[in-house]
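Below is one structure, written out as structure tokens, with a few remarks after it.
Every number here is computed from the coordinates shown, using simple stated rules; none is lab data. Quick caveat: nothing in here was measured; it's all calculated off a predicted structure. FYI the Cβ positions are ideal-geometry reconstructions off the backbone, even for glycines, and counts take in every protein chain you see.
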Amino acid sequence: MGAVSAADRRPKQDRSRATRQRLLEAAVACLAEHGWAGSTVSVVAERAGVSRGAAQHHFPTREDLFTAAVEYVAEERSTALAALFPQGGEGPAGDRRAVVAALVGLYTGPLFRAALHLWVAASNEDQLRPRVTELEARVGRESHRMAVELLGADESRPGVRETVQGFLDMARGLGLATLLTDDSARRERVVAQWAALLDEALG
């Protein structure tokens with residue numbers, strides 16, 4: 001029997017990547033809808049349309065699956081957001097208010113809800129806590145880096161770094177408010193005010 005060629009292996013690798021992506025997306029959706037307690041590997045596998053064994057082949061533990069899922073979707077959204085503003089807040093793709101609104105959008109919707117469930121679970125589970133703490137640190141650094149780039153902020157100026165971080169903390173707070181009620185009207189006013197404040201602070 002001859003050796004398997006690279007061309008023969010490629011379809012299998014493509015299927016494996018597609019399965020992994022379906023599992024990651026299903027994990028975030030389950031976590032957002034059912035919380036940590038209701039999101040088992042079996043539930044995610046069923047939603048993704050794969051067997052439990054296939055899910056465990058890609059992610060041996062539940063913690064592996066959900067931390068990878070939140071990180072994956074965060075990276076995907078960051079990439080999509082950067083593509084919307086290829087020249088930052090000063091480019092023709094939009095003004096600083098549009099950038100502020102888009103950054104606030106990172107903290108609303110299913111991804112933020114899923115991440116919040118993961119954080120709450122980590123606060124009570126010793127096995128999960130260090131992994132989520134590390135994940136949150138990485139996502140936080142990337143969010144800050146992206147905000148600095150898109151807002152055109154010069155962090156060599158005194159107070160600019162703290163201003164950007166304060167904005168991101170505010171955005172997270174708006175995300176929490178949205179979990180319980182439709183806070184879109186107030187959010188629009190806050191976004192407009194923060195855009196004006198950032199224009200003044202960042203120049």
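With contacts defined as alpha carbon pairs under 8 Å and 6 or more residues apart, what's the relative contact order of the chain in percent?
For the chain, the relative contact order is 22 percent.
Per DSSP helix of 4 or more residues, -39500 (n - 2.57); summed, then divided by the residues of the chain. What does that give at 222 nm, rounded to the nearest 500? Mind dumping the intermediate values first?
Numbers: 9 runs with 153 residues, N = 203.
The helix contribution divided over the chain gives -25500 deg cm²/dmol.
If one puts a single equal scatterer on every Cα of segment 6-202 and applies the Debye formula without solvent, what log₁₀ I(q)/I(0) results at q = 0.18 Å⁻¹?
-1.19
Show me the ranking of peptides 138-146, 180-188 by mean Cβ neighbours inside 10 Å, starting with the highest.
Order by mean packing, descending: 138-146, 180-188.
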